[in-house]
Amino acid sequence: MISLSINGKTVQLSATPDTPLLWALRDELGYTGTKFGCGISVCGACTVHVDGKPIRACVTTIEAVAGKQVTTIEAMDANRIGQALQAAWIRNDVPQCGYCQSGQIMSAAALLAQNPKPNDTDIDEAMRRTLCRCGTYNRIRAAIKDAAATLGA
Amino acid sequence: MSTNAFTTRRDFLKGSAAATGALVIGFTLPVSSRFAQAAAAAMPGQATGFAPNAFLRIAPDGQVTVICGLSEMGQGVHMGIASLVAEELDADWKSVKLEQAPVDKAYNNPLFGMQATGGSTAIRGHYEPMRMAGAAAREMLVAAAAGKWGVDAAACRTQEGRVMGPDGKSAGYGELVAAASKLPVPQNPSLKDPRDFRILGKGLTRIDTPAKVDGSAGFGIDVQLPGLLTAVMVHAPVPGATIVSVDDAAAKAIPGVKQVVQIPQGVAVLAEGYWIALKGRDALVVKWDDGPLGSLSSADISKLLHEATKKPGAVARNEGDVSVAVAKTVEAVYEAPYLAHACMEPMNCTAWVSAGKAEVWAPTQAPGPNQGIVAQLTGLPPEKVQVHTTYLGGGFGRRFAPDFIIASTLISKAAGVPVKLVYTREDDMRAWFYRPASVTRFTAGLDAAGNPVSLTARVASPALSIAAGFTKELPKGVDEFAIEGIGDMLYAFPNLRVEYAQAEPGVPLWFWRSVGHSQNVYFIEAFIDEVAAAAGKDPVEFRRSLLSKQPRLRGVLDLAAQKAGWGSPLPQGVHRGVAITNCFGSFVAQVAEVSMDASGKPRVHRIVAAVDCGRTVNPDVIHRQVEGAIVYGLSAALHEKITFQNGRVEQSNFNDYPMLRMDEMPRVEVHIVPSTEAPGGIGEPGLPPATPAVVNAIFAATGKRVRTLPI
Ligand code: FES
Ligand code: FES
């Protein structure tokens, strides 16, 4: 049994140690907000935080994160940055199909945690690996700036 | 959590059977009233006014629920439908909820005659009917209030969920539903004058947004059921390939693998969860007989299409005589590749076939037709098949196809358990549903003064209308999808001929966002630019001169040119290109600003779009749909192609089928032409001009024409 903390709760996983965190979250624990897009670390749909850092849950085994703190989209309303981003996402009406948006918000949260006032280049650099097929990039950019402004206020 | 969408609907079905006092408008779409009647007749025992042919429900607490049979795939249709109903109802927008409808003929898309979403038809087909549904309810609530107060209905008005009577009397809709539900449903309610709209035409936050920022929105892939197994399949590597042998010993030896099921489409491994199912799938050894397409190659396909443009084709349009003498000719051949849709949510479907009934939960654009398909596959009558439409993680036409629903149904039927079939990204990319490749040969003739005299276009492409099962034989030998965008273009060439040369490499085809326009508008708009250059004319002026009888198209061209500052100086190295289209009942022009980097790669800085889509329902939705369509088009222009070798698809995932990323995203401006015309489509018309506007800007920057995609 591998034990780790998900959104502040300690859980025991019965999945085999080589199981990617993505599938343990979705299939064993029912945290379906984290999405499957590519499975090979190129789309960012599965982005979660491990000890505060963004990682790709589709290629990170549960063994590799045993004993660590995992945060998913489901807990983003429990911290200041997450709240600011979700509010900015709603104000800017960012999502279209919405499928990529958990990963977008998790990537943006990691960016703001380490850079409270990102400029366009910082945003490009932090977000360019998180794909959106519906083309919401400009609204994502606006919402990140909006969230940064409310956090700085 | 993710299953809320389904719980809510079940509660609704249960709760509504016992619904006491709630006002339910079983209003029938005028064009499909006979279906609605048939549906009501097929449901004996249901209280009148509460068959699932309802679009609207008002609870005693004033909560308004709009029931929508169209699929939400990001285009904002839930918002659009809810706002149409809410406008005429004079609802308090904050109290409006949306519920996804089950399959019922009452929810047929009037433009398709089936319950399906696509072709930018949602608002075009529902603009009036949904307003009527809201208006009918409003009239009933007013009549109920008037009766209660003993006043004339004409003395009452409505505002944000309340009826106001004379002498300061007022009642919330919730208080009136018991009385209103006893009244007859007016068949011809009067509609508002659009000048009085309070909700339509305003930018409101979408009703699906909150669930899409906290992970709670329920997509197909999120469906959870007791006892559910996940299936991952080995799919046929080549269309038409058949299974020779299956060795599943290694797969079955993996702890957690529950079953291996063979169906005509492939072999599925079932397990508790995706990861074990995937491991099992990868351990299968399946031998295939490739069949006739085992030697398919992109080089051969390209040659076939090019050759086809060298012989006369079926005549799709012929005006004047293109053999007239001209002073100068311009010739060019354009080519576009096969494309995948690459929806962010890979194809998936949950099916549960049990004794006497079947249920599927699917991110589908076509719940109606799929009900019939599942009925056929299971031998059940359609009324024993329930199709639950989830949120769609992208559609773009791909989710009109039934492949994932068919396969999951067959697997569940064989396995006897509920099954969620999930395509890996690679399965999704290689599922053989592609936008057709196409080659078009153009010849244009100019007179000595540079005036356009003639245009000939010969389009060579496989026939999508046959591949998609619309028809077995092409009317007059012409595939309407292969030529749309060229065959119906509005430029006034005195002599014009459009031909279609059917060429069938055998690759299965499917509808891709904006369908034939996606390649044909690129072809024609890039070529028109070549003709303008040969005539020595400015690209905008040249187009204007050919559009004197097309005020709406010329209107968007002028607006885009003006907003983009056409002709004004640009920063060093930045150049403009323009393109226009008329499709899906709308008119769009775009101006792109592009520079070339040191390695010769284009960088798109800005796209200015002007849109005339008739009367607007929600300007914000229009902005987003046009912006999204531009990204989809640009992504294809810059990066995407599906190619074949030895019958196999060469691309597999987003590493080798890249798409546009944040750092390549141009600024996008969308300007809407105010209009009182009937609403046009908006999900697709923004796409076709993006590519030609960019390649025309590349010509302005480099003097080189881009005649093959990706750039
Ligand atoms: S699913 Fe993990 S990066 Fe795409
Ligand atoms: S909103 Fe659909 S993929 Fe991003």
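The values are calculated or read from the model by the stated rules, or taken from the named source; none is laboratory data. For clarity, every value in this text was computed on a predicted model and none was experimentally measured. Quick reminder, even Gly has a Cβ in these numbers, built from the backbone with ideal geometry, and neighbours come from all protein chains shown. The area values use the complete protein model at the heavy-atom level, side chains included, leaving out ligands, DNA and RNA. Shrake-Rupley method; radii C 1.70, N 1.55, O 1.52, S 1.80 Å.
The slack between A:S14 and A:R91, meaning 0.36 nm per residue of separation minus the straight C-alpha distance, is 23.7 nm.
Using only DSSP helix segments of four residues or longer, with each worth -39500 (n - 2.57), what per-residue ellipticity at 222 nm results for chain B after dividing by its residue count and rounding to 500?
Working: 18 runs with 209 residues, N = 711.
The helix-only estimate for chain B comes to -9000 deg cm²/dmol at 222 nm.
Divide by every residue of chain A the summed helix terms, -39500 (n - 2.57) for each DSSP H run of at least 4, and state the resulting mean residue ellipticity at 222 nm, rounded to the nearest 500 deg cm²/dmol. Taken over chain A, the calculation gives -10500 deg cm²/dmol. Placing unit charges on the Cβ atoms of the charged side chains and taking the dipole of chain B about its Cα centre, the candidate lying farthest along the positive direction among B:A564, B:P226, B:G201 is B:G201.
Listed by chain and number, the lysines whose alpha-carbon sits under 29 Å from that of B:K169, ignoring those within fewer than 8 places in the same chain, are B:K94, B:K97, B:K148, B:K182, B:K192.
DSSP loop GluC sites (Glu not before Pro) in segment B:568-651 with at most 16 other Cβ atoms within 10 Å of their Cβ, which ones? Show your work: numbers first, answer last.
Numbers: sites: B:E593, B:E627, B:E640, B:E650; in loops: B:E640, B:E650.
In loop regions of segment B:568-651 (DSSP not H, G, I, E or B), the sparsely surrounded GluC sites (Glu not before Pro) are B:E650.
Along chain B, the longest continuous region that contains none of the trypsin sites (Lys or Arg not before Pro) in a DSSP loop with at most 12 other C-beta atoms within 10 Å is B:1-181. Among the residues of A:38-45, the average count of other protein chain beta-carbon atoms within 10 Å of the residue beta-carbon is 6. For the listed residue pairs A:K145/B:K601; B:K357/B:K420; B:K601/B:K641, the alpha carbons are over 22 angstrom apart in A:K145/B:K601. Think of a 1.4 Å ball rolled over the protein heavy atoms: segment B:332-441 then has 22 Å² of accessible area per residue. Remark: relative contact order (segment A:63-147) = 39 percent; criterion is Cα-Cα distance under 8 angstrom and separation of 6 or more residues.
Relative to the current alpha-carbon distance between B:T676 and B:E319, full extension at 0.36 nm per residue lengthens the span by 125.3 nm.
Distance between the 7 Å Cα→Cβ label points at A:S5 and B:Q187: 6.8 nm. The relative contact order of segment B:234-368 comes to 20 percent, based on Cα pairs under 8 Å that sit 6 or more residues apart. Shape class for segment B:256-375, computed from the alpha carbon gyration tensor (a ≥ b ≥ c): prolate, with a/c not under 1.5 and a/b above b/c.
Dipole check for the protein assembly as shown: with +1 at the C-beta of Lys and Arg, -1 at the C-beta of Asp and Glu, and the Cα centre as origin, the magnitude is about 440 Debye.
Compared with the alpha-carbon gap, the fully stretched path from B:T329 to B:D447 is longer by 41.6 nm at 0.36 nm per residue.
Along each principal axis, taking the top coordinate minus the bottom one, the Cα set of segment A:70-153 gives 31, 28, 25 Å in descending order.
What shape does chain B take by its C-alpha gyration tensor, where a ≥ b ≥ c are the square roots of the eigenvalues and a/c under 1.5 counts as rounded, a/b above b/c as prolate, and the rest as oblate? Can you show the working numbers first?
Numbers: a/c = 2.05, a/b = 1.20, b/c = 1.71.
Here chain B falls in the oblate category.
First compute the accessible area of segment A:2-72 with a 1.4 Å probe, then give the percent of it belonging to carbon and sulfur atoms. Of all accessible area on segment A:2-72, carbon and sulfur atoms account for 52 percent.
What accessible area, summed over both chains, is buried at the B-A interface (1.4 Å probe, Å², nearest 100)?
On the way: alone 27540 and 7730 Å², together 30760 Å².
Answer for the B-A pair: about 4500 Å² buried.
Ranking A:T32, A:A88, A:C100 by how far each Cα lies toward the positive end of the dipole of chain A (charges on Cβ) leaves A:A88 at the top.
Place a +1 charge on the Cβ of each Lys and Arg in segment A:2-72 and a -1 charge on the Cβ of each Asp and Glu, then give the dipole magnitude about the Cα centre in debye, rounded to the nearest 20. Value, rounded to 20: 220 debye.
Can you work out the FRET efficiency for the pair A:D122 and B:F197, with r the C-beta to C-beta distance and R0 = 45 Å, to the nearest 0.05?
Values: r = 42 Å, r/R0 = 0.92.
Step by step, r from the Cβ atoms, then E = 0.60.
Summary value for chain B: 13 percent relative contact order, contacts being C-alpha pairs under 8 angstrom separated by 6+ residues.
Quick check on the protein assembly as shown: take the gyration tensor over C-alpha atoms, sort the square-rooted eigenvalues as a ≥ b ≥ c, and tell me if it's rounded (a/c under 1.5), prolate or oblate. Let's see the in-between values first.
Values: a/c = 1.42, a/b = 1.13, b/c = 1.26.
Rounded, since a/c falls under 1.5.
If R0 equals 35 Å, the separation of the Cβ atoms of B:D488 and A:A64 corresponds to a calculated FRET efficiency of about 0.05. Approximating the spin labels as points 7 Å out from Cα along Cα→Cβ, the A:D51-to-B:T708 distance works out to 5.1 nm.
Helices meeting the span-like rule in chain B (full DSSP H runs, Cα extent of at least 24 Å along the helix axis, mean Kyte-Doolittle score of -1.0 or higher): B:122-149, B:517-535, B:619-639.
Computed from point charges on the beta carbon alone (+1 for Lys and Arg, -1 for Asp and Glu), the dipole magnitude for segment B:356-423 about its Cα centre is near 80 Debye.
Farthest towards the positive end of the charge dipole of chain B, among the residues B:A250, B:L296, B:V626, is the Cα of B:V626, using unit charges on the Cβ of Lys, Arg, Asp and Glu. Shown is the FRET efficiency for B:A249 and B:N646, computed with R0 = 25 Å from the Cβ-Cβ distance and rounded to the nearest 0.05: 0.35. In segment B:324-365, burial by the other protein chains removes 30 Å² or more of 1.4 Å probe accessible surface, compared with the chain on its own, from B:M344.
With a cut-off of at most 16 other beta carbons within 10 Å, and DSSP calling the residue loop, which GluC sites (Glu not before Pro) in segment B:453-496 qualify? Please list them.
Values: sites: B:E473, B:E480, B:E484; in loops: B:E473, B:E484.
Qualifying residues, ordered by number: B:E473.
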